[in-house]
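Taking it in order: structure first as structure tokens, then the write-up.
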Amino acid sequence: MMSSRKGQRGLALIFALLGLVALSIAAVALVRSVDTGTLVLGNIGFKQETTAQADQATQAAIEWLANADKATLEADQVASGYLASATAELDPLGQRSDVVNRILIDWDFDQATLANCATVPNTPAERCVTPGSVQGNTAVRYFITRLCATTGDKSAAGNHCANPVSITAGEASARGAVHYRSSDRLAPSGGGLLYRIIVRSKGARDTTTFTETIVQIPEKTS
């Protein structure tokens, strides 16, 4: 009996502690995995919410275009979130460094945060334009550009507007391909012009969604 007690070295306690440490690490990993999954699901939900809001803003922009007269659509309406030309200087995200004399969209109505943003149009400095809002909702705003080279009447000298095209599968060169013909139209002759609608929607936890939609609006006669 004396020799048996003398041979005990406490190895069982060491193995028990190692097993406890392993179980603790596994428990922590499981908790972190659950938290990460919950966070991902929450982010997806926030993203879906902002996408739904963006759809509402797109509908509001289409309604604005439908109600505007010909003279309004042929000129810039900076205070209403509209440009009558698809200018290459427009920088919706404010992140381009390759554009001289950028046109920035003041999504937050705070020009002080935008670098060198002039309030007078057509100045050498960068200038800001104001987006449109949906019933005063500051979380979602839209901006519209007409897909024409310049402002004014689409048939004026030097002005070129994008032509809507249709898709036909009858002349495809390969199986599963589609063929585009610039002579085709989505609407009857003189049916309308194309407009680009950019929407920024913000939700919880600063979730931000940008969407871009191309729509065709019947051409106004007056």
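The values are calculated or read from the model by the stated rules, or taken from the named source; none is laboratory data. None of the values given here were measured: they were computed from a predicted structure. Note: ideal-geometry Cβ built from the backbone for every residue, glycine included; neighbour counts use all protein chains shown. For accessibility, only protein heavy atoms count, side chains too; no ligands or nucleic acids. Shrake-Rupley method; radii C 1.70, N 1.55, O 1.52, S 1.80 Å.
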Answer residue from segment 112-133, given it is modelled with pLDDT of 80 or more and among the β-branched types (Val, Ile, Thr) and is surrounded by the most Cβ atoms within 10 Å (Cβ to Cβ) among those: Val129
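For every residue, the table says whether it meets (1) closer than 28 Å to Thr72 by Cα; (2) open to solvent by less than 40 Å² (accessible area, probe 1.4 Å); (3) at pLDDT 80 or above; (4) assigned to a loop (DSSP other than H, G, I, E, B).
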| position | (1), (2), (3), (4) |
| --- | --- |
| Pro164 | yes, yes, no, yes |
| Ala174 | no, no, no, yes |
| Tyr180 | no, no, no, no |
| Pro188 | yes, no, no, yes |
| Ile198 | yes, yes, yes, no |
| Arg205 | no, no, no, no |
| Phe210 | yes, no, yes, no |
| Val215 | yes, yes, yes, no |
| Ser222 | yes, no, no, yes |
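Modelled with pLDDT under 75 and over 23 Å from the mean Cα position of the chain (by Cα): is that true of Leu41 in this structure? Please lay out each step first, then the result.
On the way: modelled with pLDDT under 75: yes; over 23 Å from the mean Cα position of the chain (by Cα): no.
It is false that Leu41 is modelled with pLDDT under 75 and over 23 Å from the mean Cα position of the chain (by Cα).
If you go through segment 137-153 one residue at a time, do you hit one that is in a loop (DSSP other than H, G, I, E, B) and at pLDDT below 85?
no
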Do we have any residue at all in segment 49-63 that's out of contact with any Leu (no Cβ under 9 Å at 6 or more places or on another chain) and modelled with pLDDT under 70? no
Could you check, for segment 85-94, whether at least one of its residues is modelled with pLDDT of 90 or more and open to solvent by less than 40 Å² (accessible area, probe 1.4 Å)? yes
Restricting attention to segment 59-79, does a residue exist that is buried (at least 18 other Cβ atoms within 10 Å of the Cβ) and either out of contact with any strand residue (DSSP E or B) (no Cβ under 9 Å at 6 or more places or on another chain) or of a type in the set (Ser, Thr, Tyr) (or both)? no
